[in-house]
1. Regarding the range 72-81, can at least one residue be identified that is touching a Phe, Trp or Tyr at 6+ places or on another chain (Cβ under 8 Å), closer than 19 Å to LEU27 by Cβ, of a type in the set (Phe, Trp, Tyr) and modelled with pLDDT of 90 or more?
2. Show the residue pairs meeting these rules: Cβ distance below 9 Å; 6+ apart or different chains; first residue within the range 120-144 and outside any helix (DSSP H, G or I); second residue among the charged types (D, E, K, R).
3. Looking only at the range 96-134, which residues are closer than 30 Å to PHE154 by Cα and buried (at least 19 other Cβ atoms within 10 Å of the Cβ)?
4. Would you mention how many residues in the range 57-76 are touching a residue at least 40 places away in the same chain (Cβ under 8 Å) and either surrounded by 18 or more Cβ atoms within 10 Å (Cβ to Cβ) or outside any loop (DSSP other than H, G, I, E, B) (or both)?
5. Please specify each residue of the range 77-95 satisfying the condition of being polar (S, T, N, Q) and either open to solvent by 50 Å² or more (accessible area, probe 1.4 Å) or under 13 Å from the mean Cα position of the chain (by Cα) (or both).
6. With VAL95, VAL135, VAL108 as the choices, which residue is modelled with pLDDT of 95 or more and either closer than 17 Å to ASN49 by Cβ or touching a Cys at 6+ places or on another chain (Cβ under 7 Å) (or both)?
Amino acid sequence: MAAATQQMSSLPSGLRICSTVPDILYLPELVFGGLVWILVASTHVTTPNPQGWVMFVSVFCFVMTFIWLGIFASGGHKNSSAWATADFIYHLIAVVFYLSASVMLAYVTIILAPVPAPYNQYYKIDIAAVVFSYVTTLLYFIHCILSAVRWKSF
């Protein structure tokens, strides 16, 4: 029982981040967030389109998750409760950002449903971006919940 409590209340470093929950979610967050970034960047953007927010969110979260992964992998967090709190707060912000971006992206995709054939491929790219955006939102949400559990156990 003491070993389980010790394991839960410590922040992993090095290669242990690839085997502990919630830190194992960093890699899927990077992959799916990168896919959202690529798909939104390759779509056709009209003038009154909020996809700039979607690009900001996907690039911001991708870069910050990569930095966060680097901090945890290098052991720069020194296993303090402040880092557990910061981990929870970052993932909460990422969930709110990605949820707002996902809703906007879905709305734009529905509104800009193609009538002419040349824009059909962009519509399919937008649909893929919406799906990956919601998957990324779910990953950040799960990570946020698990980070909150870890933060409360400190």
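The values are calculated or read from the model by the stated rules, or taken from the named source; none is laboratory data. Since the structure is predicted, the reported quantities are computational estimates derived from the model, not experimental observations. In this analysis, Cβ positions are derived from the backbone assuming ideal geometry, glycine residues included, and neighbour counts consider all displayed protein chains. Accessible surface areas use protein heavy atoms only, side chains included; no ligands, DNA or RNA. Shrake-Rupley method; radii C 1.70, N 1.55, O 1.52, S 1.80 Å.
1. Within the range 72-81, none of the residues are touching a Phe, Trp or Tyr at 6+ places or on another chain (Cβ under 8 Å), closer than 19 Å to LEU27 by Cβ, of a type in the set (Phe, Trp, Tyr) and modelled with pLDDT of 90 or more.
2. none
3. Of everything in the range 96-134, those that are closer than 30 Å to PHE154 by Cα and buried (at least 19 other Cβ atoms within 10 Å of the Cβ) turn out to be PHE97, TYR98.
4. 8
5. If the condition is that a residue be polar (S, T, N, Q) and either open to solvent by 50 Å² or more (accessible area, probe 1.4 Å) or under 13 Å from the mean Cα position of the chain (by Cα) (or both), then ASN79, SER81 are the ones that fit.
6. VAL95
Here's the yes/no breakdown for (1) open to solvent by less than 60 Å² (accessible area, probe 1.4 Å); (2) at pLDDT 90 or above:
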residue	(1), (2)
LEU15	no, no
LEU25	yes, no
VAL31	no, yes
TRP37	no, yes
VAL45	no, no
GLN51	yes, no
